[in-house]
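Novice: Here it is, the structure in full.
The values are calculated or read from the model by the stated rules, or taken from the named source; none is laboratory data. Bear in mind the structure is a predicted one, so any value in this text is a computation, not a measurement. Cβ placement follows ideal geometry from the backbone for every residue including glycine, while neighbour counts extend to all protein chains displayed. Keep in mind that these areas ignore ligands, DNA and RNA; they rest on the heavy atoms of the full protein, side chains included. Shrake-Rupley method; radii C 1.70, N 1.55, O 1.52, S 1.80 Å.
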Amino acid sequence: MTAHTALKTSRRQHSVGLLTDLTTGEVASARDRIGSWLYGTHSQHSRISNPELIQAYYAVAWALERLAVGRTALGVMRFGDKQALKESDARLLWHVEEQAQNLRFIANYVKTIDNREVEDSLRSIQKQIPYLQTSKTRSVSPCDAPGCWRQPGEEGVSAE
């Protein structure tokens, strides 16, 4: 294996690692908690306390920080594999856009969270992936009152 091939292989593995970090383990559990809080029924929403929501927020925020640093490193490595980067970016796109909206919404809801570091990470990722849309805002409100308008099975609402 040549040095060039080894570097390209290493880059691809690093790309996979970035996506894996954002979609498995503690971060996946945190994203599930945030999703249940935002999109779940009142019963699902009410089972998640503010401290649990804040813990989930930071688990995802720190994953975005790791992604920002990792994606920047991929962009400056020698022997770039532009096709691999393009494919990696396409796979990261929805995850980053969705979590950007979720974290912004939670920071606004909790009021005590300083969202500046997340915004810095998102700007860094946006520099690396220019077509990323991280400024979108969440249009769905959590189902935080009994009898709220959402019902299980509606679009974007999970069944209990």
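Novice: Work out from phi, with θ = phi - 60° and the Karplus expression 6.51 cos²θ - 1.76 cosθ + 1.60, the ³J(HN,Hα) of each residue of the range 42-54, listed in order in whole Hz, and give x for Gly and Pro.
Specialist: Per residue, the Karplus-derived 3J(HN,Hα) values read 4, 4, 5, 4, 6, 7, 9, 7, 4, x, 5, 5, 5 Hz.
Novice: Can you tell me the accessible area per residue over the range 1-137, all protein chains present, probe 1.4 angstrom, in square angstrom?
Specialist: 54
Novice: Further question: Farthest toward the dipole's positive end in the range 24-83, which of 58, 68, 34, given Cβ charges of +1 (Lys, Arg) and -1 (Asp, Glu) about the Cα centre?
Specialist: Working it through, the farthest residue towards the positive pole turns out to be 68.
Novice: How would you classify the range 45-112 from its alpha-carbon gyration tensor, with a ≥ b ≥ c the square roots of the eigenvalues: rounded for a/c under 1.5, else prolate if a/b is greater than b/c, otherwise oblate?
Specialist: Because a/c hits 1.5 or more and a/b exceeds b/c, the range 45-112 counts as prolate.
Novice: While we're here: So how exposed is residue 98, as accessible area in Å² (1.4 Å probe, rounded to 10)?
Specialist: Spelled out: residue 98, probe radius 1.4 Å, area about 30 Å².
Novice: Extension gain residue 16-residue 110, at 0.36 nm per residue separation less the Cα-Cα distance, in nm?
Specialist: 30.6 nm
Novice: Additional query: How much length is gained on full extension from residue 94 to residue 127, taking 0.36 nm per residue of separation minus their Cα-Cα distance?
Specialist: Extra length available between residue 94 and residue 127 comes to 10.3 nm.
Novice: Shifting gears a bit: Between residue 117 and residue 73, what is the label-to-label distance in nm when each label sits 7 Å out along the Cα-to-Cβ direction?
Specialist: Here the modelled spin labels are 1.8 nm apart.
Novice: Residue 16: accessible area at probe 1.4 Å, nearest 10 Å²?
Specialist: My reading of the accessible area for residue 16 is about 90 Å².
Novice: Set the Förster radius R0 to 30 Å, insert the Cβ-Cβ distance between residue 6 and residue 28 as r into 1/(1 + (r/R0)^6), and round the FRET efficiency to 0.05.
Specialist: With a Förster radius of 30 Å, E is 0.50.
Novice: Right, another one. Pairs of alpha-carbon atoms within less than 8 angstrom and 6+ residues apart define the contacts here; what relative contact order does the range 1-73 have, in percent?
Specialist: 37
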